[in-house]
Amino acid sequence: MKMTEVRVYSTKQKIPKDIFKVDLNKEFPELNPINIGPCMLYKGRQAKNLHNAWEYTKVYKEHTENGQITTKYWDWATKGWDKDKPAKSTKKKYLYHFWDGARYGVIEARRRIFVSKYIRLISNMDSYRELKNIASNHEIVAMISKHGFDHKQMSLTEVLFNPAKEFDYSFVLAMLISKDQSLTDIP
């Protein structure tokens, strides 16, 4: 069976005509983390959607005192996890991601929290199976996503491990469909 090559593009990029295109935003909106939920966190906590689960694991300086997380963080995160509307992503610098008592940098948090949760949440979804089926019928597939970018100079693994690059669900889908080896050690 041939392997499908999956490339990720933003909605603003020009895509070669000979590549089969899938606009994730329009054709598969249910695979967007803002529409996936509820999402179990840890110690009985739950977020209304995966996007908010991810955004509210970020700990900012104002959430700490003497290096420790304060109640200000817990109040903020708990309210955020309970929101139906997706949190606005911000470019504001945060200190780390907090998950079940551990502090993670962006790369480890991507792997342990975002990618791991995303895979578990979509694995039995009909829309995910449909996307895989569509992709399997094409040699090259362009997945179009708001936060995607043409990564032709980088492998999907390099995108995952690059803290300077934005990483969204379209890359996880591309990794799953192309059977990227870096997913084999996702917790």
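Before moving on, here are some points about what is shown:
- The count of lysine pairs in the stretch 37-119 whose Cα atoms are under 13 Å apart, excluding pairs fewer than 8 places apart on the same chain, comes to 11.
- Overall form of the stretch 104-155 per C-alpha gyration tensor (a/c, 1.5; a/b vs b/c): oblate
- Around the Cα centre of the stretch 37-119, unit charges on the Cβ atoms of Lys, Arg, Asp and Glu (plus for the first two, minus for the last two) sum to a dipole of about 280 debye.
- Distant alpha-carbon pairs in the chain (separation over 30 angstrom), percent: 20 percent
- Extending 7 Å from Cα along the Cβ direction at residue 17 and again at residue 43 yields two label points whose distance is 5.8 nm.
- Remark: the stretch 136-151, residue by residue, has Karplus-estimated 3J(HN,Hα) of 5, 8, 9, 6, 10, 10, 9, 9, 9, 9, 3, 9, x, 7, 6, 9 Hz, where x stands for each Gly or Pro and the curve is 6.51 cos²θ - 1.76 cosθ + 1.60 at θ = phi - 60°.
- Between 87, 164, 47, the residue with the greatest mean-square fluctuation in the GNM of the chain (Cα pairs under 10 Å linked by springs) is 164.
- Compared with the dominant Cα axis of the chain, that is its longest principal axis, helix 71-81 is turned about 30°.
- Residues in the stretch 77-104 reached by a label modelled at residue 62 [backbone nitrogen below 14 Å; 7 Å Cα→Cβ]: 77, 90-95
- Square roots of 5 times each gyration tensor eigenvalue, C-alpha, the stretch 63-162, largest first, Å: 32, 18, 13
- Residue 116/residue 89 FRET efficiency (R0 22 Å; Cβ-Cβ; nearest 0.05): 0.70
- Across the stretch 37-119, the volume of the C-alpha convex hull divided among the residues equals 91 Å³ per residue.
- Compared with the direct C-alpha span, the chain from residue 82 to residue 184 gains 33.6 nm at full extension, assuming 0.36 nm per residue.
- Amide H to amide H, with H built 1.01 Å from N, residue 21 comes under 5 Å of 142, counting only residues 5 or more places away or on other chains.
- Gain in span if fully extended, residue 3 to residue 75, counting 0.36 nm per residue against the direct Cα distance: 21.3 nm
- For the stretch 1-52, a/c is not less than 1.5, where a ≥ b ≥ c are the root eigenvalues of the C-alpha gyration tensor, and a/b tops b/c. That puts it in the prolate class.
- Label separation (residue 140 vs residue 30): 3.1 nm, computed from points 7 Å beyond Cα along the C-beta direction.
Quick note: the coordinates plus some simple rules give every number you see, no bench work behind them. In this text the structure is predicted, and so the values were computed from the model without any measurement. Virtual Cβ from ideal backbone geometry, glycine too; neighbours counted across all protein chains shown.
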